[in-house]
Amino acid sequence: MSATRYAYLGPEGTFTEVALRTLPEAATRELVPMVSVPAALDAVRSGAAAAALVPIENSVEGGITATLDELTTGEPLMIYREVLLSITFALLVRPGTKLSDIKSVTAHPAAQPQVRKWMAAHLPDALWESAASNADGARLVQEGRYDAAFAGEFAAATYGLEPLVTEIHDAANAQTRFVLVGRPARPAAPTGADKTSVVIWLGEDHPGALLELLQEFTVRGVNLMLIQSRPTGAGIGNYCFAVDAEGHIADRRVGEALMGLKRICPKVRFLGSYPRAGVAPEDVPPLRAGTSDAEFTDAADWLTRNLDGRG
């Protein structure tokens, strides 16, 4: 395995590259652009890279399905870090292009919902085509295959383009969440401001089946931050659920919730416990009464005393 290589969704000039370079360790790694999310994650699975940074969620459209599906299937991988990046787009064009010249535009599919209203107002007749990434869209514009690309303004110089319009976004304060993914290992120690990601599969489909899964978290005071259904490929109506929960697998409330899910679900895939981006331990609200590690330990001791006849 190449311990010095980090893969990312490329080519050069993507928001993913910018997010990766915010990690301190990126300065001492060889950063390798890949053509797609599956290719970046497969580089980790094969040992060609020690880790990969890929987008997993944005604040406009929610989960990035390509990443969720790749983490759900295939050889298991684990999330070790997350990065939040504020996103705003520029309309990149070849020098001399005017807005009235633009008949076709391209970008990553996740960009479209974030610029749809702007396009309707300024480029209502332009044809949209998806690209493998926003930077790849810029490359295609450079090659003359499209008239313009929505990408980060920073990508203009890399591809010899000009930012015709900047600060494009339909939703103010839009962010994308990226995750650093590696091969499974022991999670880092809890920080007090952590997140745990899992994928859970429903067993028998019946009224209240999803509620039963959610109650494993609820009764232990575990707050859910994201839940998204994904088809399993086994037919219409067969779903698994990607879940992000507050806390660390080493926290008693989280660990017992995961054990509860393991008892009642046909399959549970642990995707990692890792620090929450931009959240310090002192910013985390106090736990609900009865859900701290000390209270779980006290309850277990009480049970043991009664089993031993010590009341």
**Asked** Which aspartates and glutamates have a Cα lying under 13 Å from the Cα of K195, excluding residues fewer than 8 positions away in the same chain?
**Response** E82, D244, E246, D251
**Asked** Carbon and sulfur atoms: what percent of the 1.4 Å accessible area of the chain do they account for?
**Response** 53 percent
**Complete:** Treating only Lys and Arg (+1) and Asp and Glu (-1) as charged, each at its beta carbon, one finds that the chain has a dipole about its Cα centre, in Debye to the nearest 20, of 400 debye
**Asked** Any idea which of A135, S100, T88 is furthest toward the positive side of the dipole for the range 55-148, if Lys and Arg beta-carbons carry +1 and Asp and Glu beta-carbons -1?
**Response** S100
**Asked** So for the range 149-240, taking the charge dipole from beta-carbon charges (+1 Lys/Arg, -1 Asp/Glu), which of G233, P184, A156 sits furthest toward the positive end?
**Response** P184
**Computed helical MRE - 222 nm, the chain, DSSP H runs ≥ 4 contributing -39500 (n - 2.57), nearest 500** = -8000 deg cm²/dmol
**Prompt:** Which cross-chain or sequence-distant (5 or more) residues have an amide H under 5 Å from the amide H of R81, H modelled 1.01 Å from N in plane?
**Reply:** L180
**Message:** What do you get for the angle between helix 252-264 and the principal long axis of the chain? Use alpha-carbon atoms, 0 to 90 degrees, nearest ten.
**Reply:** 90 degrees
**Asked** Which FRET efficiency, nearest 0.05, do H169 and R21 yield, Cβ-Cβ r, R0 25 Å?
**Response** 0.70
**Request:** Just add up the charged neighbours of L41: K/R +1, D/E -1, any other residue whose Cβ is under 11 Å from the Cβ of L41.
**Result:** -2
**Item:** A3 paired with N223, simple spin-label distance in nm, labels 7 Å along Cα-to-beta-carbon
**Value:** 3.8 nm
**Message:** To the nearest 20 Debye, how big is the dipole of the range 158-220 about its Cα centre, given +1 on the beta carbon of each Lys and Arg and -1 on that of each Asp and Glu?
**Reply:** 440 debye
**Item:** Set of aspartates and glutamates near K103 by C-alpha distance (under 19 Å), chain-local residues within fewer than 8 positions excluded
**Value:** D125, E129, D136, E143, D147, E162
**Request:** For K98, go through the lysines and keep the ones whose alpha-carbon is under 23 Å away, minus same-chain ones fewer than eight residues off.
**Result:** K117
**Distance (nanometres) between label positions extended 7 Å along Cα→Cβ at N238 and A121** = 4.6 nm
**Request:** Would you mind calculating the gained length between R230 and L303 on full extension (0.36 nm times residue separation, minus the Cα-Cα distance), in nm to one decimal?
**Result:** 22.3 nm
**Förster-model FRET efficiency, 25 Å R0, R145 and V32, C-beta, rounded to 0.05** = 0.50
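Take the Cβ-Cβ distance between T191 and S46 as r, set R0 to 30 Å, and report the resulting FRET efficiency rounded to the nearest 0.05.
Taking R0 as 30 Å, the efficiency between T191 and S46 is 0.45.
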**Item:** Net length gained if the chain between E129 and D293 were fully extended (0.36 nm per residue, minus Cα distance)
**Value:** 53.9 nm
**Request:** For the chain, find the longest principal axis of its Cα atoms and tell me its angle to the long axis of helix 37-46, 0 to 90°, nearest 10.
**Result:** 60 degrees
**Message:** What distance in nm lies between label points placed 7 Å from Cα along the C-beta direction at R310 and S104?
**Reply:** 7.7 nm
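The values are calculated or read from the model by the stated rules, or taken from the named source; none is laboratory data. Note that the structure is a prediction, hence the values are computed from the model and not measured. Glycine gets a Cβ as well: all are built from the backbone with ideal geometry, and neighbour counts include every protein chain shown. Just so you know, the surface numbers come from the protein's heavy atoms only, side chains and all, with ligands and any DNA or RNA stripped out. Shrake-Rupley method; radii C 1.70, N 1.55, O 1.52, S 1.80 Å.
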